[in-house]
Structures are given as structure tokens and as C-alpha cells.
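Single-structure report; data block below.
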Amino acid sequence: MNFLYLRLSVNCQIMKTKLPFLLFFCSFISWSQSIPAFHGDNNSSFALLASTTALDHSPSGANQSWSFGSLISLGNVIYTYTAPTGLETSTYPGTTEVIVGTNTNGTTKMYTKTATGNILSITGLTGTDLNINFATNNATLGAFPMTYGYTNTDNVAGNYTYTTYSGTFSGTLTTTVDAYGTLTLTDPAYAYSGNVVRLKTVLSINLNYSIFTNVGTVTQTSYIYYTTNNNTFNNPIFRSITTVSLVPVMSIDQTDTTLEKFEAVLMNTSENALEAVWIQNPIGDDIKINSTNPIENTTIKISDMLGKTIYQSDHNTVSGTLEIPVSLPKGMYLMNISNDKGNITKKIIKP
């Protein structure tokens with residue numbers, strides 16, 4: 001029951017029949033040496049990831065180090081920013097901007113409000129079969145910019161609907177800029193090493209359903225790592241969101257973790273289409289590659305983790321969904337897609 005992030009991206013893919021309420025706002029906070037603003041760059045692409053091992057975020061404070069590996073691709077998501085419609089402003093009062101997350105499985109929206117003093121709040125969230133409205137008490141992160149040591153706790157409340165369920169919720173959101181140091185991502189497909197500052201958020205809420213109060217709880221902890229050199233882009237480098245949901249009345253007892261790695265700011269042209277390619281993962285007896293923009297004359301190469309080429313095909317056109325009829329043994333592989341415009345490499349797994 002991943003509440004507020006809704007994993008504005010990945011949860012569209014891995015949403016189960018249970019209630020996936022997800023902490024939404026973490027996906028959109030940007031960073032400079034301090035955190036100058038909430039929103040990232042328009043049309044930003046993120047890789048959706050999972051990890052075969054638990055990531056250790058426990059180091060906090062000054063001059064820390066984090067090293068993460070064993071990352072598996074689940075696809076990608078693109079975030080865009082729009083002005084609210086009249087209906088959206090009426091439904092989510094005070095909204096000044098809508099953040100739209102789009103992947104191959106659908107679209108989600110997060111509604112934000114920026115008040116005097118650059119104070120940023122979340123007013124609502126919509127997704128597949130899910131609507132969350134913070135009309136009673138918006139979820140306020142605080143005033144930007146934020147610097148190391150900043151902390152803020154805010155009361156949140158509102159109402160939700162999910163399929164046939166509806167009710168109200170209340171709780172707290174704690175936002176802290178709690179650490180800085182060095183982040184290293186060791187996987188070749190998502191390699192990164194650099195200085196970062198970390199934003200941590202903890203959302204704790206109690207749910208009410210129909211006439212029943214306190215029918216369940218949702219606790220979500222998010223770690224968002226931002227490069228200290230934000231001259232190139234205003235997006236987090238890496239983020240991890242873990243949601244623990246316990247709602248007996250809805251038969252929900254689950255823990256979900258979502259990972260995202262920043263890839264690129266797209267320009268909505270065919271030259272940037274490679275950055276937005278989505279590969280179905282894990283793969284089956286064939287491999288499905290999807291692109292909303294046509295990509296011409298591509299070379300598709302698959303290699304094992306030792307670098308040995310297992311498959312190669314030249315002069316391909318990726319438009320919509322391209323299926324590659326290749327059956328691989330169980331294991332992890334690297335897929336490289338390239339043409340004269342550039343190349344991308346993504347990790348795939350055959351279960």
C-alpha cells in the first residue's frame with residue numbers, strides 16, 4: 001500500500017492488486033549545493049531499477065560514503081511539468097504546477113503548490129485506480145533552498161479512493177537534509193561516483209475506512225541523493241523509496257522498494273530517443289524494446305557480464321515495440337543499443 005510517492009513511475013509497472021500508495025514527492029526534488037528548488041528539469045528521464053541485495057542507507061551525517069550495486073533495469077520514466085487545468089485547481093485547491101510521470105504502463109500526476117517564501121507543499125496525487133487529496137492539510141516539505149541540517153515535521157491529512165475503497169488519512173511528514181559525502185554506483189550500466197548531499201523524508205500515516213478509524217498504517221522512508229555540482233541539471237542522481245503498509249481490513253501486509261537513477265534531460269527529438277528507450281525486464285523467450293519516437297539504423301548487441309557478445313543485430317528500426325526472438329540462458333546480461341546519434345546500455349535479467 002505504497003501511499004504518497006505512488007512511485008510516480010515504477011509503481012505503474014509493479015502495482016499489485018493491493019493498495020500501492022506511494023510517497024510521491026521524492027521524485028521531483030532538485031538539488032544544488034543546498035537544495036535550491038523542488039522541481040527538477042522538464043522532460044527528465046530516469047531508469048527504474050531494482051536491486052538483488054538490500055541497499056545500506058544507514059550512514060548519516062558529514063563526510064559519509066555509500067556504495068550501491070547489483071542493480072536491475074525495470075524500464076524508465078519521463079517527468080514533465082504543466083500548469084493545472086481549471087478542474088484540477090478546483091479539485092486540488094492552491095495547486096500551481098502538475099508533475100506528470102509517464103512510462104509504458106501509464107501516467108500519474110502529482111499536484112504541487114508553491115506559497116510565499118518559496119514554501120513547497122503537495123496538494124494531491126492521481127494514478128491507476130488511485131486518487132489522493134491533501135485538501136485537509138497539505139504535505140509541506142518546507143522552504144527552499146534547503147541546506148545540510150535542515151529539518152521540518154508537518155501534519156498531513158486528507159482523503160483517498162482506491163478501487164472500491166475510500167476513506168480519510170492523517171499523520172506526519174518529516175523532511176531532513178541529513179547527510180553528505182560520496183556516492184558510488186558500481187554497475188557498468190548505471191555507473192556514477194561523485195559528491196552528493198542527501199534528503200531524507202519519512203511519511204507516517206493512519207488510515208480510516210468507512211466508519212472505521214485507524215484500520216491500518218503506512219510508513220515510507222525515502223533517501224534522495226543530489227550531486228553537489230548542479231551546473232548541468234537539477235535532478236537527483238539516485239533515490240530509494242521503501243514503503244511498509246499494514247492494512248488488515250484490505251488484506252495488505254507488504255513492503256516495497258523503488259529505485260531510480262537519473263539518465264538525461266530529453267529534448268523531444270529523435271536524436272534523444274535512445275535515452276527514453278524502455279526494455280521489458282525481466283525478459284522472457286524474446287526481448288521487447290519500446291520507443292515512442294522512431295529510432296533508425298540501430299545496432300542491438302547483448303553481452304554477458306564478462307563482456308562476451310551473445311547476440312548482435314544491425315540496421316534495426318525501433319518504432320513502438322520491437323520484439324527480438326532470442327532465448328537466453330538464465331542470468332544477467334548487458335544490452336547495448338546504438339546508432340549514429342549515440343548509444344545506451346541497460347542491464348537485463350533472464351529468470
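Values in this text are rule-based calculations from the coordinates and carry no lab data. Since the model is a prediction, treat every value here as computed from it, not as a measurement. Reconstructed Cβ throughout: ideal geometry from the backbone, glycine too, with neighbour counts over all protein chains shown.
The table that follows gives values for the structure above.
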read-out: Ordering of 124-130, 94-100 by packing [mean C-beta count within 10 Å, highest first]; value: 124-130, 94-100
read-out: Relative contact order of the stretch 277-350, pairs being alpha-carbon contacts under 8 Å that are 6 or more residues apart, as %; value: 34 percent
read-out: Sequence ranges 179-185, 215-221, ranked by mean other-Cβ count within 10 angstrom, highest first; value: 215-221, 179-185
read-out: Nonlocal amide H pairs with residue 135, under 5 Å, H built at 1.01 Å; value: 159
read-out: Projected area averaged over orientations for the stretch 153-260, convex hull of C-alpha atoms, nm²; value: 8.7 nm²
read-out: Cα centre as origin, Lys/Arg/Asp/Glu Cβ charges: the stretch 34-265 dipole, Debye; value: 220 debye
read-out: Cross-link pairs beyond the 31 Å C-alpha cut-off, checked among 109/330; 109/288; 113/341; 261/308; value: 109/330; 113/341
read-out: Kirkwood Rh, Cα atoms: Rg over Rh of the stretch 34-265; value: 0.95
read-out: Residue among 90, 189, 103 farthest towards the positive dipole end of the stretch 34-265, charges placed on Cβ; value: 90
